[in-house]
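I have placed the structure first, in the form of structure tokens, so that the comments after it can refer back to it.
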Amino acid sequence: MSEQTNAFEMAQQQFDHVAKLLNLDPQVAEILRWPLREYHFRIPVRMDNGTIRVFEGFRVQHNDARGPSKGGIRFHPSETIDTVRALATWMTWKCAVVDIPLGGGKGGVIIDPATLSNGEKERLVRGYIQQIWKNIGPRQDVPAPDVGTTPQMMGWMMDEYSKLSGQYTPGVITGKPVGGGGSLGRTEATGFGVTYNVREALKRLKLDGSQARAAVQGFGNVAQYAAIGFTEIIGGKVVCVSYWDRTDQKAYTVSKEDGIDPHYLIRITDQYGSIDKAAAIAEGYQIEDAGAWISKDVDVLIPAALEGQINADTVQHISHSVKIVAEGANGPTTPEADEILRGRGIFVIPDFLCNSGGVTVSYFESVQNDMNFYWTREEVLERLDKRMTDAFAAVYEMAQNEDVSMRDAAYMVAISRVTKAMELRGWI
Ligand code: NAD
């Protein structure tokens, strides 16, 4: 989605569509169409040159009927209250569809973090917490990193909150570094979550995973672990990945018909995400243009880079062999292309189900913080697998029973669960 689109209007339209399918009481819909609480504040920061600059910050809590609000804090120059509202709303549905006892929240600051020194960043994140600390907490609202924020910043935020509240409180924030209250398994969580969803979809479609082939767009955090998961957990072959080359300022697809080795490609990927083309060619890989990934003769497409990649134009290039689209990225399919995929009978695993592994392990992180007892990587991944498998099953069953798409079914499951919690608490 481009920053020009009003994301919150889009979130409300999606909600209205499903509210109609569910025959939701209009009074209940009126609660869910809007965030319950919004905080808008100003953060004065002493800059390195001695001047004071004032930044604008937001924290939005869309709905906390099922538990404390959960969602990242973005630092972005074109952040707006409507973007934060939309993202908070989507977090409510994401947490509900994967059945973790959390609500939806999101935060933001209007700033390009690349323009700040490390010290300025630290003073800004501490200032953010000073403004909002009374309204967040392990039992109220638990932020996390997002675009423009890092595990180190989460560490500073946790420290500031702990100082202000007078108690070590690691569970106030997730996405902290391992060793500083973070959880093992968080790095691979989203990509492996995508894998578990694909495995379940293959089963439902009666396709043999060991014979399955996939094409992946992207080679960042989500794509790398989705590619490892597809080869090692499902036992299939990934025939290509794609990436943005910083030197050439263009994207490429890196392919190998008999299956890529994701670990080798990770070894030849630099810290900015660019793959060493010469090293790839030397190992028998082909370098193709950016769009090549989408027209591969595969069973599964995994867009795991950017939004809007499967659109009215590119959808025409999808091979007739494709049976599943697993949305690793947020919003990779435009509504028009979604309609075409549905018409062609392609099984789409919607983003907020498919990529919910990250928030699930964030939830595990706060649970471990609350207990002050940490799980092994294997325990984390086993619990993640169970959550994702159960979430997929609930959505699949809804899709079958109501004869709707997986996307509509995911919304229906999520909205029903939030409505049920509001009812049980006597809000409606
Ligand atoms: P990332 O920055 O680690 O990776 C992005 C990848 O996309 C990089 O490999 C980059 O080279 C590639 N890319 C950029 N432009 C491209 C182009 N034009 N063509 C092909 N490849 C291109 O990001 P990520 O964390 O892997 O996130 C990817 C998507 O997944 C985003 O939509 C994000 O919102 C979503 N997501 C991420 C998480 C998470 O836990 N990381 C959770 C949920 C959703």
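With the checklist (1) within 15 Å of residue 378 (Cα to Cα); (2) more than 14 Å from the chain's Cα centre (by Cα); (3) near the ligand (Cβ under 8 Å from one of its atoms) in hand, flag the one item residue 183 doesn't pass.
Here residue 183 meets the rest and fails (3).
Give the stretch 297-326 a look and list any residue that's part of a loop (DSSP other than H, G, I, E, B), within 14 Å of the ligand (Cβ to nearest atom) and buried (at least 22 other Cβ atoms within 10 Å of the Cβ), or say none.
Matches in the stretch 297-326: 304, 305, 309.
Anything in the stretch 353-368 that is open to solvent by 10 Å² or more (accessible area, probe 1.4 Å) and away from the ligand (no atom under 11 Å from the Cβ)? List them, or say none.
363, 366, 367
What number of residues within the stretch 66-103 are of a type in the set (Phe, Trp, Tyr) and open to solvent by 20 Å² or more (accessible area, probe 1.4 Å)? Lay out the reasoning, then the answer.
Residues of the stretch 66-103 of a type in the set (Phe, Trp, Tyr): 75, 90, 93.
The next check asks that each one be open to solvent by 20 Å² or more (accessible area, probe 1.4 Å); those that pass are 90.
The total comes to 1.
In this structure, is residue 266 surrounded by fewer than 19 Cβ atoms within 10 Å (Cβ to Cβ) and more than 12 Å from the ligand (Cβ to nearest atom)?
Values: surrounded by fewer than 19 Cβ atoms within 10 Å (Cβ to Cβ): yes; more than 12 Å from the ligand (Cβ to nearest atom): no.
Against the criterion (surrounded by fewer than 19 Cβ atoms within 10 Å (Cβ to Cβ) and more than 12 Å from the ligand (Cβ to nearest atom)), residue 266 does not qualify.
Can you pull out the residues in the stretch 335-352 that are within 16 Å of the ligand (Cβ to nearest atom) and either open to solvent by 40 Å² or more (accessible area, probe 1.4 Å) or among the basic types (Lys, Arg) (or both)?
Across the stretch 335-352, there are no qualifying residues.
Could you count how many residues in the stretch 177-199 are outside any loop (DSSP other than H, G, I, E, B) and crowded, with 20+ Cβ neighbours inside 10 Å? Working first, answer last.
Start the filter on the stretch 177-199 by keeping residues that are outside any loop (DSSP other than H, G, I, E, B), which leaves 186-199.
From the residues that got through so far, the ones that are crowded, with 20+ Cβ neighbours inside 10 Å too are 186, 188-199.
Residues in the stretch 177-199 being outside any loop (DSSP other than H, G, I, E, B) and crowded, with 20+ Cβ neighbours inside 10 Å: 13 in total.
Can you tell me which residue is farthest from residue 368 (Cα to Cα) among those in the stretch 109-159 that are buried (at least 19 other Cβ atoms within 10 Å of the Cβ) and β-branched (Val, Ile, Thr)?
111
Just for helices (runs of 4 or more DSSP H) wholly inside the stretch 1-110: which have at least 1 residues that are assigned by TED's automatic domain parsing to the domain that holds residue 134 and closer than 23 Å to residue 332 by Cβ? Spell out the reasoning first.
Values: elements: 7-21, 26-32, 81-97.
Where helices (runs of 4 or more DSSP H) fall fully within the stretch 1-110 and carry at least 1 residues being assigned by TED's automatic domain parsing to the domain that holds residue 134 and closer than 23 Å to residue 332 by Cβ, they are 81-97.
The values are calculated or read from the model by the stated rules, or taken from the named source; none is laboratory data. Fair warning: this is a prediction, and the values are worked out from it, not measured in the lab. A quick note on method: Cβ atoms are made from the backbone with ideal geometry, for glycine too, and the neighbour counts reach across all protein chains shown. Note: areas computed on protein heavy atoms with side chains; ligands, DNA, RNA excluded. Shrake-Rupley method; radii C 1.70, N 1.55, O 1.52, S 1.80 Å.
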